[in-house]
Structure formats: structure tokens, C-alpha cells
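In what follows, a structure is listed as C-alpha cells, so that the remarks can point back to it.
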Amino acid sequence: MKYPKEDLITYRIKRARESFNSAKLLAENGFHLESISRLYYACFYMVLALLLKENLVTNSHTGARRLLGLHFIKTGKITVENGKLFSLLFDQRMKSDYEDFIKLPTGQTALLINNVDQFIKNIEALDYLFNDVHSTYH
């Protein structure tokens, strides 16, 4: 590993929070499709931090989703709803980035912002995983 594990975990949590804050700013200014992409990455970076904390490494988005499911959702550490949110955001990001004439239902971005905020808080609440880096971003 190129960087110390704890530094990389802390960095990924920071990137998650920055992506989340960017998503809110984008949505507030009417850039909803771009906001979806940032919301997905907020979750993705948190998932990468969580996986790394457990010495699970992946080089792909699909791998992150699979490992999250196997090691955290199936074990009950993360809710099924959070897993569905992560998958939904992945799909929405793909559509918003690569398809034409995408329209989001009214209010969907605001709902997703609230859900992603909770997703991040749920992962941060796993104190047995994050108590050593948790205080850095609160």
C-alpha cells in the first residue's frame, strides 16, 4: 500500500464529506444530475474507507458494491436499505453521466441528499471501525 492505511481511511472519509457537500451545493444551484454523481461518490468513498478498515480492497465500483453486500449487509452491520441506496445511486450516476435527456422526478435530489447524509452517518456510527478517525471530521 502506497500510503499508511489509517491515512488513506481518513482521506477517503474527507473525500466523502467533500463530495457530499459538493452535491448539496450543486443541487441548491439547480445542477441535479451533477449532484447525483457527487452523492454516489460520497457513498463510494465511505464504502472504500469502510472496506479498507476491514482490510478489504477493491479496484472497481462493482467490487465495492459486492464486498459491501458480503461483509456488511449480509452480516447486518449495514442495513439493506443502505445497500439499495448505494446501488440506486450507482445506477442513477451511470444514467446521468452517460444517457441523454435524463429527467429526475421532482424532489428526488433532496430526498437522496437526506438519504446519503444518513448513509454516511450510519457508517460513521460503526465506532468499532472508525473511533480512531471519527473525531477528525466532526
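The values are calculated or read from the model by the stated rules, or taken from the named source; none is laboratory data. This structure is a prediction, so every number in the text was calculated from the model and none was measured. We place every Cβ from the backbone using ideal geometry, glycine too, and count neighbours over all the protein chains shown.
Can you name the condition, by its number, that THR79 falls short on among (1) of a type in the set (S, T, N, Q); (2) touching a residue at least 40 places away in the same chain (Cβ under 8 Å); (3) farther than 17 Å from ILE123 by Cβ?
So the condition that THR79 fails would be (3).
List the pairs whose first member sits in region 13-33 and is closer than 11 Å to CYS43 by Cα, whose second member is of a type outside the set (A, V, I, L, M, F, W, C) and at pLDDT 95 or above, and whose Cβ atoms are under 6 Å apart, counting only residues at least 6 apart or on separate chains?
Close Cβ pairs satisfying both conditions: ARG15/TYR45; ALA16/TYR45; SER19/ARG38; SER19/TYR41.
Tell me, yes or no, whether region 73-92 has at least one residue that is in contact with a Gly (Cβ under 8 Å, 6 or more places away or on another chain), crowded, with 16+ Cβ neighbours inside 10 Å and of a type in the set (A, V, I, L, M, F, W, C).
Scanning region 73-92, I find at least one residue that is in contact with a Gly (Cβ under 8 Å, 6 or more places away or on another chain), crowded, with 16+ Cβ neighbours inside 10 Å and of a type in the set (A, V, I, L, M, F, W, C), so the answer is yes.
Against the definition (over 21 Å from ILE9 (Cα atoms), modelled with pLDDT of 95 or more and crowded, with 20+ Cβ neighbours inside 10 Å), how does LEU68 come out, yes or no?
no
Within region 42-57, is there a residue that is in a helix (DSSP H, G or I), of a type in the set (Gly, Ala, Ser), surrounded by fewer than 22 Cβ atoms within 10 Å (Cβ to Cβ) and under 14 Å from the mean Cα position of the chain (by Cα)?
Within region 42-57 (the criterion being in a helix (DSSP H, G or I), of a type in the set (Gly, Ala, Ser), surrounded by fewer than 22 Cβ atoms within 10 Å (Cβ to Cβ) and under 14 Å from the mean Cα position of the chain (by Cα)), the answer is no, since none of the residues qualifies.
Given the condition touching a residue at least 40 places away in the same chain (Cβ under 8 Å), of a type outside the set (Val, Ile, Thr) and under 21 Å from LEU112 (Cβ atoms), answer yes or no: does some residue in region 48-61 qualify?
Yes - at least one qualifying residue is present in region 48-61.
Just checking, does region 77-86 include any residue being within 18 Å of ARG15 (Cβ to Cβ) and either at pLDDT 95 or above or of a type in the set (A, V, I, L, M, F, W, C) (or both)?
Yes, region 77-86 contains a residue that is within 18 Å of ARG15 (Cβ to Cβ) and either at pLDDT 95 or above or of a type in the set (A, V, I, L, M, F, W, C) (or both).
Inside region 93-129, can you point out the residues that are surrounded by 17 or more Cβ atoms within 10 Å (Cβ to Cβ) and among the charged types (D, E, K, R)?
ARG93, GLU124
Go over the candidates LEU70, LEU39 one by one and state the one that is of a type outside the set (Gly, Ala, Ser), in a helix (DSSP H, G or I) and free of Cβ contacts under 8 Å to residues at least 12 places away in the same chain.
Just a single option satisfies the conditions, and that option is LEU70.
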